[in-house]
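Have a look at the structure below before the remarks.
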Amino acid sequence: MRKRQLLHCAGMMVSLALIPGVVSPAPAHAAAKLKIVTATTDLADLASEVGGDRVEVESIARGYQDPHFVEAKPSFLLKLRRAELLIIVGLQLEIGWLPPLIAQCGNPAIQVGAKGYLDASQFAEILEIPTTVVTRAMGDVHPFGNPHYWLDPENGRRIARGIVNKLAEMQPGDSAYFEERFQAFSKRLDEAEKVWDQEMKPFRGRKVVTYHRSWPNFLKRFGLISAGEIEPRPGIPPSPGHTVELIQMMKRENVKVILVEPYFDLKTPDSIARETGAQVVVLLPSVGGEKEVTDYFRLFDYDIGLLTRAFKATQ
Ligand SMILES: [Zn+2]
């Protein structure tokens, strides 16, 4: 769709240029396309939503990868070297792989603190900010609060707003265009949220167990309750003792749905499901987690579709 629109636009520009006396703005805009690199696909999609054809956006991580643990490749350096704006999730989500790439890419424009470095976490509502000192040495990969905050559409809107402000700062000539695109995005999101709320309404108050703590913003937004996690701490693999306790708790509290991100082994979730009669649902935390999940709207469509089916089946 987006490609088709671009082709269509290009066609229009050519035809305008052919009319004598009409100076096509095409070359100026083509040259001014801001090169954006994002850490994750969700940020890439939000940046494309508001940036439209005035930006070029690429994500480093793929939507089916665990964003905490992305294997660095030389091609990432190339992307970063060319970037004018880098947008990250922050809260140390990318600390295991992105900082060395930023340091090595030799691009001063996107270094920490530079104009072309944008940490999207500053715009979002962040949950689970620790009240005691938590460090990565303890194995916990969420030391500054939960970094999976994009899974609440309201945070999606806030991130998009923050990106628009940055784009307008970097490319002031296009600020009205970015603002218009933000308004259109926000309106579409409003409409989609009404549908999602309606679909989830019958299941408010239902309890789930999740593999990793990827879902606090999502669960809060849709009135669901997290009863526990398969990981003893975020980033720590399942242990037999913790799994036994989890099974007992699920039986006691009648928890019938287990959410698993697509990059985790299903062995432990499946064995817990056998013990408790629960259903395992592979829920996607990111755009691109499956082929059909091509944007931020389809991500919620997909997840809410799977969840409501699982809740109905286990009622
Ligand atoms: Zn995490």
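The label-point distance for residue 248 and residue 265, in a model that sets each label 7 Å from Cα toward Cβ, rounds to 2.5 nm.
Pairs from the list 115/220; 220/256; 35/115; 35/187; 33/187 with a Cα-Cα gap above 22 Å: 115/220; 35/187; 33/187.
Given charges of +1 on the Cβ of Lys and Arg and -1 on the Cβ of Asp and Glu, with all other atoms neutral, how large is the dipole of the chain about its Cα centre, in debye to the nearest 20?
So the dipole magnitude of the chain works out to roughly 260 debye.
Between the residues 102, 124, 46, the greatest Cα displacement towards the positive end of the dipole of the chain, with unit charges on the Cβ of Lys, Arg, Asp and Glu, is found for 46. Using the Cα gyration tensor of segment 171-315, with a ≥ b ≥ c the square roots of its eigenvalues, what is the shape: rounded (a/c below 1.5), prolate (a/b larger than b/c) or oblate (neither)? Cα axes put segment 171-315 in the prolate bin. Within a straight-line Cα-Cα reach of under 15 Å, residue 194 can be paired with the following aspartates and glutamates, leaving aside sequence neighbours fewer than 8 residues apart in one chain: 152, 154, 301. Taking only the C-alpha atoms of segment 167-247, Rg followed by Dmax gives 19.7, 60 Å.
Taking the chain as a Gaussian network of alpha-carbon nodes connected by springs under 10 Å, the highest mean-square fluctuation of the residues 241, 90, 116 belongs to 241.
Ellipsoid semi-axes for segment 27-151, based on the Cα gyration tensor and the rule √(5λ), read 26, 16, 13 Å when sorted largest first. Equivalent ellipsoid of segment 132-203: semi-axes from √(5λ) of the C-alpha gyration tensor, largest first, are 30, 24, 6 Å. Please identify, among 68, 148, 242, the residue showing maximal mean-square fluctuation in a Gaussian network model of the chain using a 10 angstrom Cα cutoff. Taking springs between Cα atoms under 10 Å, the residue moving most is 242.
The chymotrypsin sites (Phe, Trp or Tyr not before Pro) of segment 68-106 that meet both conditions, a loop assignment by DSSP and at most 13 other Cβ atoms within 10 Å of the site Cβ, are 69. Please report the carbon-and-sulfur percent of the accessible area for the chain; probe 1.4 Å, protein heavy atoms only, DNA, RNA and ligands left out. Of the solvent-accessible surface of the chain, carbon and sulfur hold 56 percent.
Once the Cα atoms are used to define both axes, helix 267-276 deviates from the longest principal axis of the chain by about 50 degrees. Direction-averaged projected area, Cα convex hull, the chain: 17.9 nm², rounded to one decimal.
The values are calculated or read from the model by the stated rules, or taken from the named source; none is laboratory data. Just so it is clear, the structure is predicted and the values come from calculations on it, not from any experiment. Using ideal geometry, Cβ is built from the backbone for each residue, glycine included, and neighbour counts are taken over all protein chains shown. Accessible surface areas use protein heavy atoms only, side chains included; no ligands, DNA or RNA. Shrake-Rupley method; radii C 1.70, N 1.55, O 1.52, S 1.80 Å.
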